[in-house]
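Asker: Structure incoming, see below.
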Amino acid sequence: MKFDWLPVTRFEQNCSILWCEATRKAAAIDPGGDIDQIRDFLEWEELELEVVLVTHGHFDHAGGAAALAAATGARIEGPHQGDQHLIERLAEQGKRYGVRAEAYTPARWLADGDQIHFGQETLQVLHCPGHTRGHVAYFHAASRSAFVGDILFRHAIGAWEHGDGDLVQLVESIRNKLFALGDDVRFLPGHGETSNFGHERAANPFVGDEALAQWWPPGSRGSPPKRPADLPF
Ligand SMILES: [Zn+2]
Ligand SMILES: [Zn+2]
């Protein structure tokens, strides 16, 4: 499997394109917008889009899923049904930020342990609530790559200070689901640079081993550090 990514929307959300080299069939994760750029990429690489995958219901990730599926004939899968209320209000979410976003009904709401197939490739689904209730991550075991949306960033974690967020769940998702995949796993977050779980376990100021010992569980000894202001959602 190969993958690449392009930043979409003014929030520079990382839309990733994964493809099976044997069949040129592809999956697009989080086509939040800028659908023409995504289609140009597919055409340039001579890929056939088989499935559109969504990590969670925020418009910068999910807003262009319906349009991309309609333009290519691909099916949409995900996220987990816990985000259905966000997916249904995508147009409303987008309007607040002057972005076109469209609701959709996926071919399948995803659950922890589900598998996604495109070409000859397989992805594993991990349900990782905390940033939103229905957030999922996608793991490609053969290449040790994970696509984690807004759960974990290089040196930061996703926002939890909103109605759908939950700090305890977020940290448990990161530690028990993502870090459990192994230190060598490289991940692409929804915003910013790639990293690997081993680096975040050592150096992440929120959920690294040493950082966590300073404040976990919340309320016992202190509170987590402030999230960087330049990280939306
Ligand atoms: Zn985002
Ligand atoms: Zn988000």
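FYI, it's all coordinate maths here, none of it is from the lab. As the structure is a computational prediction, the values presented were derived from the model and not from experiment. All Cβ positions, even for glycine, are placed from backbone atoms using ideal geometry, and neighbour counts span all protein chains on display.
Asker: Full extension from ALA70 to ALA141: what is 0.36 nm times the residue separation minus their Cα-Cα distance, to one decimal in nm?
Answerer: 22.6 nm
Asker: Same structure again: Just subtract the alpha-carbon distance of GLU45 and GLN169 from 0.36 nm times their residue separation and send over the number in nm, one decimal.
Answerer: Result: 40.8 nm gained on full extension.
Asker: In degrees between 0 and 90, to the nearest 10, how far off the longest principal axis of the chain does helix 35-44 point, with axes built from Cα atoms?
Answerer: Roughly 70 degrees, rounded to the nearest 10.
Asker: Could you tell me the center-to-center distance, by alpha carbons, between region 180-211 and region 114-129 in angstrom?
Answerer: 20
Asker: For region 170-233, take every pair of Cα atoms, bin their distances at 5 Å starting from 0, and report each bin as a whole percent.
Answerer: 4, 17, 24, 28, 18, 8, 1
Asker: Amide H neighbours of THR55 under 5 Å, counting only residues 5+ apart in sequence or on other chains, H built in-plane at 1.01 Å?
Answerer: ASP30
Asker: Just how many pairs of Lys in the chain have C-alpha atoms closer than 29 Å, counting pairs that are eight or more places apart or on different chains?
Answerer: Eligible lysine pairs with Cα atoms under 29 Å apart amount to 5.
Asker: Rank these for me by crowding, ASP184, ASP60, going from fewest to most other beta carbons within 10 Å.
Answerer: By the 10 Å Cβ count, ascending: ASP184, ASP60.
Asker: Then there's this: What would the Debye formula give as log10 I(q)/I(0) at q = 0.14, 0.28, 0.32 Å⁻¹ for the alpha-carbon point model of region 153-196, no solvent?
Answerer: -0.35, -1.11, -1.19
Asker: Between region 136-160 and region 10-84, what is the separation of their alpha carbon centroids in Å?
Answerer: 16
Asker: If you don't mind, there's one more thing I want to ask. Only sites in a loop by DSSP and with at most 11 other Cβ atoms within 10 Å count here; which GluC sites (Glu not before Pro) in region 1-63 make the cut?
Answerer: Counting only loop positions with at most 11 other Cβ atoms within 10 Å, the GluC sites (Glu not before Pro) in region 1-63 are GLU21, GLU46.
Asker: Quick one: grab Rg to one decimal and Dmax as a whole number for region 77-233, Cα atoms only, in Å.
Answerer: 15.8, 49
Asker: Something else: Work out the length of the dipole vector of region 2-215 about its Cα centre, built from +1 on the beta-carbon of each Lys and Arg and -1 on the beta-carbon of each Asp and Glu, and round it to the nearest 20 debye.
Answerer: With Lys and Arg at +1 and Asp and Glu at -1, about 220 debye.
Asker: Given 4 °C and 1.567 mPa s, how large is the Stokes-Einstein diffusion coefficient of region 85-125 in µm²/s, with Rh as the Kirkwood radius over Cα pairs?
Answerer: 105
Asker: Given the options ASN196, ALA74, HIS155, identify the residue whose Cα lies farthest towards the positive end of the charge dipole of the chain (+1 on Cβ of Lys, Arg; -1 on Cβ of Asp, Glu).
Answerer: In the chain, that residue is HIS155.
Asker: If you don't mind, there's one more thing I want to ask. So what's the convex hull volume per residue for the Cα atoms of region 1-47, in Å³?
Answerer: It is 53 Å³ per residue.
Asker: If contacts are Cα pairs under 8 angstrom and at least 6 residues apart, what is the relative contact order of region 1-103 in percent?
Answerer: 22
Asker: Additional query: Please give the net charge around ARG24, taking every other residue with its beta carbon less than 9 angstrom from that of ARG24, where Lys and Arg add +1 and Asp and Glu add -1.
Answerer: Combined, the nearby Lys, Arg, Asp and Glu give -3.
Asker: Can I ask one more? Looking only at the chain, where both bridge partners belong to it, what percent of the DSSP beta bridges are antiparallel (to the nearest 5)?
Answerer: 70
Asker: While we're looking at this one, here's another question. Radius of gyration and Dmax for region 1-141's Cα atoms, expressed in Å?
Answerer: Answer for region 1-141, Rg first and Dmax second: 13.7, 42 Å.
Asker: Report the relative contact order of the chain, percent, no decimals, based on alpha-carbon pairs under 8 angstrom and at least 6 residues apart.
Answerer: 14 percent.
Asker: For region 108-211, what relative contact order do you get, as a whole percent, if you take Cα pairs closer than 8 Å and at least 6 residues apart?
Answerer: 23
Asker: Nearest 20 debye, what's the magnitude of the dipole of region 134-208 about its Cα centre given +1 on Lys and Arg Cβ and -1 on Asp and Glu Cβ?
Answerer: Here the size comes out at about 280 debye.
Asker: Quick check on the exposure proxy: order LEU167, LEU86 from fewest to most C-beta atoms within 10 angstrom.
Answerer: Lowest to highest Cβ neighbour count: LEU167, LEU86.
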